[in-house]
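Only one structure is covered here, and it is reproduced in the block below.
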Amino acid sequence: PKLAMMMINLSGATIDSVLLDPFCGSGTIITEAMLFGYKHLIAADASKKAIADTKQNVEWITEHYSLSFTSGSPKIFQSDARDLNEKIKNNSIDAIVTEPFLGKPLKGNETFEEIKLQSAILKKLYISAFEQFQQTLNKNGTIIFVIPCFKYKGDWLKIDCLPEIKKLGFTPVSMWEDKNFLLYSRPDQHVGREIYKFVKN
């Protein structure tokens, strides 16, 4: 929840914005946005279980905090992020806030080749997702997106997908001094989260 709150705040979206989480998981970002007072929320995930979990958590939050939605409760549906344009109209989303699939959990004993393979698979997924975001997001819309990095022998191995994201028409926003991301991690973690903010050109 703390990370979800941080990401929502970083988006700069107003409570009247249409906010989408296309990798909703159990719905943490959506439920935190509900508590913030956001009125137009959309959640999607490729996993049937994730959608069921999100619906259950949205229902719990709604009842527990006695929330009411004059514009309708969050829209939740199953969809692969690479197929969003089949479910969402073009230029209809103001902000995308999401932590995508970060790959299989790491134990710390993976080989360099195993990590590079996982990175290549995730890079392909993320680029495909951004191709969809280019269609669904409004001009000047914002994206808060987590790109994982993997610890290997004390160093972080990164997924090099920024050039492709820029080519799709997104500009990274400076997050801290001369960096385009914020690193969210703990010393004992094998996976770090680089939090990026993009604006659609």
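Side notes on the structure shown:
- Across every direction, the projection of the convex hull enclosing the Cα atoms of region 77-135 has a mean area of 4.9 nm².
- Using equal-weight Cα scatterers in the Debye expression, the normalised intensity of region 115-201 in log10 at q = 0.26 Å⁻¹ is -1.36.
- Annotation: peptides 140-152, 102-114, ranked by per-residue average of other Cβ atoms within 10 Å with the highest first, follow the order 140-152, 102-114.
- Length-normalised contact order for the chain - Cα pairs under 8 Å, 6+ apart - percent: 20 percent
- Cross-link pairs beyond the 28 Å C-alpha cut-off, checked among Lys39/Lys166; Lys87/Lys167; Lys49/Lys200; Lys89/Lys116; Lys87/Lys124; Lys123/Lys179: Lys39/Lys166; Lys49/Lys200; Lys89/Lys116
- Estimated dipole of region 155-201 in Debye, rounded to 20 [Cβ of Lys and Arg +1, of Asp and Glu -1, Cα centre]: 260 debye
- Taking region 1-94 and dividing mean pair separation by its residue count, relative contact order in percent (alpha carbons under 8 Å, at least six apart): 31 percent
- Residue-wise HN-Hα coupling along region 9-18, computed from phi with Karplus coefficients 6.51, -1.76, 1.60 (Hz; x: Gly, Pro): 4, 5, 5, x, 6, 7, 5, 8, 5, 8
- Probe 1.4 Å, protein heavy atoms only - accessible area per residue of the chain in square angstrom: 53 Å²
- On the chain, 52 percent of the accessible area sits on carbon and sulfur atoms, based on a 1.4 Å probe.
- Overall form of region 22-94 per C-alpha gyration tensor (a/c, 1.5; a/b vs b/c): oblate
- Angle between the chain longest axis and helix 48-64 axis [Cα atoms, degrees, rounded to 10]: 50 degrees
- Given the choices (i) 62, 39, 29; (ii) 48, 39, 31; (iii) 52, 35, 34, Cα extents along the principal axes in Å derived from the coordinates of this structure is entry (iii).
- Listed values for region 161-174 are Karplus-derived 3J(HN,Hα) couplings in whole Hz (6.51 cos²θ - 1.76 cosθ + 1.60, θ = phi - 60°), namely 10, 4, x, 5, 5, 5, 4, 7, x, 10, 10, x, 9, 4, and x replaces Gly and Pro.
- Cα long-axis angle, helix 112-136 against the chain (0 to 90 degrees, to the nearest 10): 30 degrees
- Size descriptors for region 1-56 (Cα atoms only): Rg and Dmax, in that order, 10.7, 30 Å.
The values are calculated or read from the model by the stated rules, or taken from the named source; none is laboratory data. Since the structure is predicted, the reported quantities are computational estimates derived from the model, not experimental observations. Neighbour counts run over all protein chains shown; Cβ positions are idealised from the backbone, glycine included. Just the protein is used for accessible areas: all its heavy atoms, side chains included, with ligands, DNA and RNA removed. Shrake-Rupley method; radii C 1.70, N 1.55, O 1.52, S 1.80 Å.
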